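Please read the structure below before turning to the comments.
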Amino acid sequence: MKLRKVTAASAVVLALAVTATACGSDDKKDSDSSGGDKKITVGIKFDQPGIGQKTPQGYAGFDVDVATYVAGKLGYKPDQIQWRETKSADRENALSRGDVDFIAASYSITPERQQKVDFAGPYLLAHQDVLIRADDATIKSPSDLNSKKLCSVTGSTSAQNVHDKLAPKAQLQQYPTYSACLTGLQNKAIDALTTDDSILAGYASQAAFKGKFKLGGFKMTNENYGIGVKKGSDLKAKINTALEAMVSDGSWKKAVDKNFGPAGYKNEPAPKIGNIVS
């Protein structure tokens, strides 16, 4: 009988200890989530020089600079940012799953995408353009692309858009990567590469290609880059405030010059929040 009493008492002590430990764990978790160990996960491209690129030295590009600034205004230091690669086809899913808190990845705002996610911004107005060799004086307008070899990456609609709307006799060439297109352009296997001018400027700004290419400046489409957040997220308003601050204090212009300047990129002025140019 005495043994039963001791065992029962021990059980009570053990239960209290477990409860106290559990409470302590919850308190620790809450403390971490609001203290110095907090993190924010940001989706970017890993393979677009000048936009978003993973390098041996870390992460670089205009979108990285914008995201770092925004995160700072949200209360996160650079070492509290967790960068996650978000490829174009997976951006909406990454937001809906909660894999990332926001995405800055040459993410054009479109009516179709706005049905699935919310966008802060826009923070950059880009245009579809062409990249040609610096010494090529034969391509001065989109119509000059007729009978020229026009490259874009496999799966992209950029070259097809030019062919269908502006230069029906353009010879479309599909390469697996933009880097492959650049090599072909340099070797004169192709005559022009087409995608967003910001992406083209980023590639042309690489040290290996400096001075070898130039942008056509054709502005064939409008691409309003926005920062994607989960539908209904209160981050949208906070990010918009941060983007406005980035423009007003000069950080936005510095980021443009730093990442696109070497290619002679003539950027549009910083767009006003909510102003989507069609």
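Given R0 = 35 Å, the distance between the Cβ atoms of LYS77 and GLU112 translates into a calculated FRET efficiency of 0.50. Pairs from the table (LYS39/LYS87; LYS116/LYS149; LYS77/LYS258) lying more than 31 angstrom apart at Cα are LYS116/LYS149. Region 200-278 and region 81-146 have their alpha-carbon centroids 10 Å apart. Ligands, DNA and RNA left out, the accessible area of region 87-225 computed with a 1.4 Å probe is 46% carbon and sulfur. About its Cα centre, the dipole of the chain is roughly 460 debye, where the only charges are +1 on Lys and Arg Cβ and -1 on Asp and Glu Cβ. If you sort THR183, THR86 by accessible surface, 1.4 Å probe, largest first, the order is THR183, THR86. Look at the dipole of the chain built from charges on Cβ: of GLN53, ASN224, THR157, the Cα furthest out on the positive end belongs to GLN53. Figure note: ASP47, ASP65, ASP136 ranked by solvent-accessible area, largest first, 1.4 Å probe, ligands and nucleic acids not counted: ASP47, ASP65, ASP136. Extension gain for the segment ALA237 to ALA89, taken as residue separation times 0.36 nm less the Cα-Cα distance, is 50.7 nm to one decimal. Note: relative contact order over region 90-168, using C-alpha pairs below 8 Å and six or more positions apart, is 20 percent. Length available on full extension from SER278 to THR177: 0.36 nm per residue minus the Cα-Cα distance, which gives 33.6 nm. Legend: distances between Cα atoms for LYS148/LYS210; LYS54/LYS140; LYS236/LYS266; LYS230/LYS254; pairs beyond 26 Å are LYS54/LYS140; LYS236/LYS266; LYS230/LYS254. Across the chain, C-alpha contacts under 8 Å between residues 6 or more apart give a mean separation that, scaled by the residue count, equals a relative contact order of 25 percent. Per residue, what accessible area does the chain have, given a 1.4 Å probe and all protein chains present, in Å²? Ligands and nucleic acids excluded, the result is 52 Å² per residue.
Applying 1/(1 + (r/R0)^6) with R0 = 51 Å to the Cβ-Cβ distance of SER147 and LYS39 gives a FRET efficiency near 0.45.
The values are calculated or read from the model by the stated rules, or taken from the named source; none is laboratory data. Note that the coordinates shown come from a computational prediction; the quantities given were computed from them, not determined experimentally. All Cβ positions, glycine included, derive from the backbone under ideal geometry; neighbour counts span all protein chains shown. Accessible surface is based on the protein model in full, side chains and every heavy atom, while ligands, DNA and RNA are left aside. Shrake-Rupley method; radii C 1.70, N 1.55, O 1.52, S 1.80 Å.
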